[in-house]
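**Q** First the structure, which I've put down as structure tokens, then a few questions once you've had a look.
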Amino acid sequence: MSNLKLGVDVVSAHNLMPKDGQGSSSACVELYFDGQKFRTTVKEKDLNPVWNESFYFNINDPANLQNLILEAYVYNNVKGSHTRSFLGKVRLTGTSFVSYSDAVVLHYPLEKRGILSRVKGELGLRVYITDDPSIKSSNPLPAMETFTNSEPHTNHAQGPQSHQVPKSVSNPFSNDKAETRHTFHHLPKQQHNHQEPHYATSMNQQPVQYSADEMKAEPQQPKIVRMYSAASSQPVDYALKETSPFLGGGQIVGGRVVRSDKPSSTYDLVEKMLFLFVRVVKARDLPSMDITGSLDPYVEVRIGNYKGTTKHFEKKQNPEWNEVFAFSRERMQASTLEVVVKDKDLVKDDFVGIVRFDLNEVPTRVPPDSPLAPEWYRLEDKKGEKSKSELMLAVWIGTQADEAFPDAWHSDAATSIDSSASASTIRSKVYHAPRLWYVRVNIIEAQDLVPTEKNRFPDVYVKAQIGNQVLKTKTIQSRSLNPLWNEDLLFVTAEPFEDPLVLSVEDRVGPNKDEIIGRVFIPLNSVEKRADDRVIHTRWFNLERPVVVDLDQMKKEKFSSRIHLRVCLDGGYHVLDESTHYSSDLRPTAKQLWKPSIGVLELGILSVEGLHPMKTRDGKGTSDTYCVAKYGHKWVRSRTIINSLNPKYNEQYTWEVYDPATVLTIGVFDNAQLGEKGSNPSRDMKIGKVRIRISTLETGRVYTHTYPLLVLQPSGVKKMGELHLAIRFSCTSLVNMMYIYSRPLLPKMHYVRPLTVVQLDMLRHQAVNIVAARLNRAEPPLRKEVVEYMSDVDSHLWSMRRSKANFFRLMSVFSGLFAVGKWFGDVCMWKNPITTVLVHVLFVMLVCFPELILPTVFLYMFLIGIWNFRYRPRYPPHMNTRISYAEAVHPDELDEEFDTFPTSRSPELVRMRYDRLRSVAGRIQTVVGDIATQGERMLALLSWRDPRATAIFVTFCLVAALVLYVTPFQVVAVISGFYFMRHPRFRHRLPSVPINFFRRLPARTDSML
């Protein structure tokens, strides 16, 4: 029987409906789950009852947990008649259950049982899953009756269970398992037992059998189809190109898979690559080589010009390595594999023994076959004679779908006859970014402060700090020792919580001189979490002296200062660590608020072509490149391909999609951690990146394109190469995806209690720093410059180029309105008499039948949408140099954009740029002033600043009211329309009377200095 239990903490209820006829209610809660029923105690005469009772349900079938429902019914208990009345219910599905560590108290609005039910208020519950064997399930009430037909009978009230802290357990159907099943790759077409049930159901409804042609040694060149957007007239070399490669599922033609009758492939979005895998497990009975009788063994695996070595052990004759080596079949130049055991020595390593393999005899393994069992092989000496020493090995030929692939040493990730490059910097890995929380600190007041100087009142403020984040309250200059602030401070922190919250009350005794009065340390693990806007109870914390005080003095003068705080971890927000314009995740921090996923995104990183050399090695240009992809909390890094300007990766990854309005980002970098000499070898150099918005992808289509890697440099835009990708978005729930389009973009708390723009910018900067620091501590590390480039950390900085690009984007948005205005001007000027007459006829029809106006507008938009369907984009959008205004940008503007903050340029250059910025700001200032002038003239119509103008306008309004009262509206509209569209011979070149009158109205420009 499973130890899993569902824990339910019934906390409280608020604002219940009075049902006892005296303006109150005696409430109790009944819980129903999987045939089990529990009841809380009855709280007499209380519309805001507090229970704080815990109950535990047995989970008989964990695999069916997501299909089960927890129901909580709130009743008003009537003592005398043993009856009860319905106050409301809460219904929770199994998909919202989380582990104990992620559970927070949520207040659910009470729902009606029927149309005629009168219900109000909310019920506070905390629901979680635990597998702690020490927790026993609560004693159930008598068996449940059919609740839909009749209400259950009242039984003896179930007392509260003693609250035990349950052991944390992973959610049986959470996506954490699905994302971390493999260290490196996700096999999208292989169904596992612990795969999410709703995914399995969705995929079973549409079974797909993938098959692939055998990859030849030299596959045919894919057909390149150049595709260009009508709106982007950028150079052809910078455009997107569609390809038709042979992948694991077959050839991709026009986004569809043309399958063959060959056996299916596990990886259907990448090309099949063959590798020779060698697993070196251990050795035994190795001989003694030194005079002292010791041995420092290591193993060298060699094939042709490539070799890999294991770590060496000191003075050990039965070592265990358990390391895997992978050699690419494309680069093999020999037919014999040699595995040599050597003794590490200061001068020259000694030969111990060797095992040879003929590559024609090596078996082939294709997952899901079980791993090949290693065998013992006798070592041969230099003469070819067998010795008693043995080496345990496993040798096989496999593909990148092999589970040994991620952790293996790769021949294409190391230089020839040299494996000294650290394996930790070249291996592929999957990273999970830490879960970020907002920490809200409400500093209310302090009491009984003891300043160092007794003859004055302190000028105090509070400094709050978490890690490197420091915030301060305003300084209070009060005539008391009990200052009041009531200020909110916001921080960002990440799980696991490492840095505590440090609050220090400081006294400003002079300019740039502060003294600490008291300090308090608050561990974030003890801070309460919340997922909504409920009020957190305040707490008093005693302040500690920052220095050691003499014990005799402590006895005479007791230190009793304290501070009043309200601290919580806000889980209802999404912590923004990237720009909202291309965010990859919009879910709140609290897992209880997560909605089911709507689909699966699969990415195949095929290759990079035509790279520019990033460094020089052995007198020729080369690159050591790797790819990084980011979506949601999951970051992936491909292996580093060394000494190649056309690296082939063929690695496939999978993400779960929760919102279509998100963006996948893929970047290419040059690895500078391999001991290269250069100006700055410690920083990995950026080669380019690609953004792909999920909402622009058609469901089920495979997009195979080469994306230009465009990088803006101080010399201008430069193409660094082309990234070849295969992408597929599979929708698992079309209804949920359509429903997402009606929901807010960000979680509810961003609208209930919004944060200011300044706060969001500051918190985003801190969040990026935290994520970069955590990922930099992984193995292999994902360096800070990589995380910052992928997150666009400097997108908020000033750039003249970006400002011009945004201005031209705005002009293109209004270009349609400008075109309509120009067309209407031509109609009014009778450029085409036939068109003008038809417009007159249409205008008269709409005036006579105004009910046709809105249907006509919507029908027109419908027809435009249907017409544009023929010309819809057939490929994802990509970086556009014309839209980015990167082609015609001035070199000095680029130099300004790449300048540091604060600036590092010469004072003369900074002065010139400042003058240029002043001239631009002056033109903007003039435009803003003109707009304000027109608005003030509108106000002057009735303000009597110009008494004669206001008298004329008021008289005109009275006459117009009388005329319009006796004249039908259709007549006025027809006359006005015909007047505006009158023939040019009835027009004058001078401005009209209303325009002349309006321009003579006074504005407040004469009042400005």
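The values are calculated or read from the model by the stated rules, or taken from the named source; none is laboratory data. Keep in mind the model is a prediction, meaning the values are calculated, not measured. In this analysis, Cβ positions are derived from the backbone assuming ideal geometry, glycine residues included, and neighbour counts consider all displayed protein chains. Note: areas computed on protein heavy atoms with side chains; ligands, DNA, RNA excluded. Shrake-Rupley method; radii C 1.70, N 1.55, O 1.52, S 1.80 Å.
**Q** Checking residue 891 against (1) farther than 30 Å from residue 958 by Cα; (2) out of contact with any Lys or Arg (no Cβ under 9 Å at 6 or more places or on another chain); (3) without any contact (Cβ under 8 Å) to a residue 60 or more places away in the chain: exactly one of these is not met. Which one?
**A** Just one mismatch for residue 891, condition (3).
**Q** Run residue 808 past the list (1) touching a residue at least 24 places away in the same chain (Cβ under 8 Å); (2) open to solvent by 60 Å² or more (accessible area, probe 1.4 Å); (3) within 30 Å of residue 982 (Cβ to Cβ); (4) in a helix (DSSP H, G or I) and report the number of the one that doesn't hold.
**A** All conditions pass for residue 808, except number (3).
**Q** Now, a different point. Select, from 539, 530, the only residue that is at pLDDT 80 or above, open to solvent by 80 Å² or more (accessible area, probe 1.4 Å) and on the phi < 0 side of the Ramachandran plot.
**A** Of 539, 530, the one residue that is at pLDDT 80 or above, open to solvent by 80 Å² or more (accessible area, probe 1.4 Å) and on the phi < 0 side of the Ramachandran plot is 539.
**Q** Determine which member of the set 621, 721, 688, 667 is in a strand (DSSP E or B) and touching a helix residue (DSSP H, G or I) at 6+ places or on another chain (Cβ under 6 Å).
**A** 667
**Q** Can you tell me which of (1) part of a loop (DSSP other than H, G, I, E, B); (2) open to solvent by 60 Å² or more (accessible area, probe 1.4 Å) is the one residue 497 doesn't meet?
**A** In the conditions (1) part of a loop (DSSP other than H, G, I, E, B); (2) open to solvent by 60 Å² or more (accessible area, probe 1.4 Å), residue 497 misses (2) alone.
**Q** If you go through region 957-988, how many residues are open to solvent by 100 Å² or more (accessible area, probe 1.4 Å) and more than 59 Å from the chain's Cα centre (by Cα)?
**A** Final tally of qualifying residues: 7.
**Q** Still on this structure: Only one of (1) touching a helix residue (DSSP H, G or I) at 6+ places or on another chain (Cβ under 8 Å); (2) at pLDDT 90 or above fails for residue 644. Which number is that?
**A** Only one criterion is unmet by residue 644, namely (2).
**Q** Let me ask something else about it. Which of the residues belonging to region 734-777 are closer than 20 Å to residue 497 by Cα and over 19 Å from the mean Cα position of the chain (by Cα)?
**A** 777, the sole residue that qualifies.
**Q** Any idea how many residues of region 388-400 are open to solvent by 10 Å² or more (accessible area, probe 1.4 Å) and farther than 16 Å from residue 361 by Cβ?
**A** Residues meeting the conditions: 4.
**Q** Count, please, the residues in region 511-527 that happen to be assigned to a strand (DSSP E or B) and either open to solvent by less than 20 Å² (accessible area, probe 1.4 Å) or touching a helix residue (DSSP H, G or I) at 6+ places or on another chain (Cβ under 8 Å) (or both).
**A** Qualifying residue count, region 511-527: 4.
**Q** Scan region 460-482 residue by residue and report those that are assigned to a loop (DSSP other than H, G, I, E, B) and without any contact (Cβ under 8 Å) to a residue 24 or more places away in the chain.
**A** Those that are assigned to a loop (DSSP other than H, G, I, E, B) and without any contact (Cβ under 8 Å) to a residue 24 or more places away in the chain: 474, 477, 478, 479, 480.
**Q** Scan region 23-70 residue by residue and report those that are within 41 Å of the chain's Cα centre (by Cα), among the polar types (S, T, N, Q) and open to solvent by 10 Å² or more (accessible area, probe 1.4 Å).
**A** 36, 48, 52, 58, 60, 64, 66, 67
**Q** I've got another one for you. Could you list all residues from region 811-833 that are in contact (Cβ under 8 Å) with a residue 60 or more places away in the chain, outside any helix (DSSP H, G or I) and on the phi < 0 side of the Ramachandran plot?
**A** The one that is in contact (Cβ under 8 Å) with a residue 60 or more places away in the chain, outside any helix (DSSP H, G or I) and on the phi < 0 side of the Ramachandran plot: 829.
**Q** In this structure, does residue 338 turn out to be over 46 Å from the mean Cα position of the chain (by Cα) and open to solvent by 40 Å² or more (accessible area, probe 1.4 Å)?
**A** Judged against the criteria, residue 338 is a match.
**Q** Looking at region 761-784 only, could you name the residues that are surrounded by 18 or more Cβ atoms within 10 Å (Cβ to Cβ) and either part of a helix (DSSP H, G or I) or assigned by the TED database to the domain that holds residue 492 (or both)?
**A** 763, 764, 766, 767, 768, 769, 770, 771, 772, 774, 775, 784
**Q** Looking at (1) part of a loop (DSSP other than H, G, I, E, B); (2) within 40 Å of the chain's Cα centre (by Cα); (3) crowded, with 20+ Cβ neighbours inside 10 Å, which is the one condition that is false for residue 485?
**A** Residue 485 satisfies every listed condition except (1).
**Q** Turning to a different aspect of this structure: Quick one: residue 565 ticks every box in (1) over 30 Å from residue 504 (Cβ atoms); (2) in a strand (DSSP E or B) bar one, so which box is it?
**A** (1)
**Q** Just give me the residues in region 355-392 being part of a strand (DSSP E or B) and closer than 19 Å to residue 274 by Cβ, in sequence order.
**A** Matches in region 355-392: 357, 358, 364.
**Q** Quick check on residue 639: is it over 27 Å from residue 242 (Cα atoms) and not in a strand (DSSP E or B)?
**A** no
**Q** Considering only residues of region 823-835 that are over 19 Å from residue 988 (Cα atoms) and not aromatic (Phe, Trp, Tyr), which is least open to solvent (accessible area, probe 1.4 Å)?
**A** 835
**Q** Quick one: which residue in 945, 911, 918 is surrounded by fewer than 13 Cβ atoms within 10 Å (Cβ to Cβ), of a type outside the set (Asp, Glu) and more than 39 Å from the chain's Cα centre (by Cα)?
**A** Criteria check complete, one pass: 911.
**Q** Counting residues that are within 17 Å of residue 108 (Cβ to Cβ), which strands (runs of 3 or more DSSP E) fully inside region 27-84 reach at least 1?
**A** 27-33, 50-58, 69-78
**Q** Report the residue count in region 528-547 for those that are farther than 30 Å from residue 593 by Cα and outside any strand (DSSP E or B).
**A** Looking only at that region, the number is 4.
**Q** Residues 375, 361, 330: which one is at pLDDT 90 or above, open to solvent by 50 Å² or more (accessible area, probe 1.4 Å), under 50 Å from the mean Cα position of the chain (by Cα) and assigned by the TED database to the domain that holds residue 402?
**A** Testing whether each residue is at pLDDT 90 or above, open to solvent by 50 Å² or more (accessible area, probe 1.4 Å), under 50 Å from the mean Cα position of the chain (by Cα) and assigned by the TED database to the domain that holds residue 402 leaves just 375.
**Q** Just checking, does region 97-113 include any residue being buried (at least 17 other Cβ atoms within 10 Å of the Cβ), outside any strand (DSSP E or B) and either acidic (Asp, Glu) or not assigned by the TED database to the domain that holds residue 17 (or both)?
**A** yes
**Q** Do we have any residue at all in region 880-893 that's assigned to a helix (DSSP H, G or I) and either open to solvent by less than 60 Å² (accessible area, probe 1.4 Å) or of a type in the set (A, V, I, L, M) (or both)?
**A** Yes, region 880-893 contains at least one residue that is assigned to a helix (DSSP H, G or I) and either open to solvent by less than 60 Å² (accessible area, probe 1.4 Å) or of a type in the set (A, V, I, L, M) (or both).
**Q** Which numbered condition trips up residue 78, out of (1) over 25 Å from residue 135 (Cβ atoms); (2) open to solvent by less than 40 Å² (accessible area, probe 1.4 Å)?
**A** The single condition residue 78 does not satisfy is (2).
**Q** Give 668, 628, 657, 636 a once-over and let me know the one that is open to solvent by less than 10 Å² (accessible area, probe 1.4 Å), among the hydrophobic types (A, V, I, L, M, F, W, C) and under 12 Å from the mean Cα position of the chain (by Cα).
**A** 657
**Q** Right, another one. One residue is enough: does region 675-684 have a residue meeting the conditions touching a residue at least 12 places away in the same chain (Cβ under 8 Å) and either among the hydrophobic types (A, V, I, L, M, F, W, C) or assigned to a strand (DSSP E or B) (or both)?
**A** no
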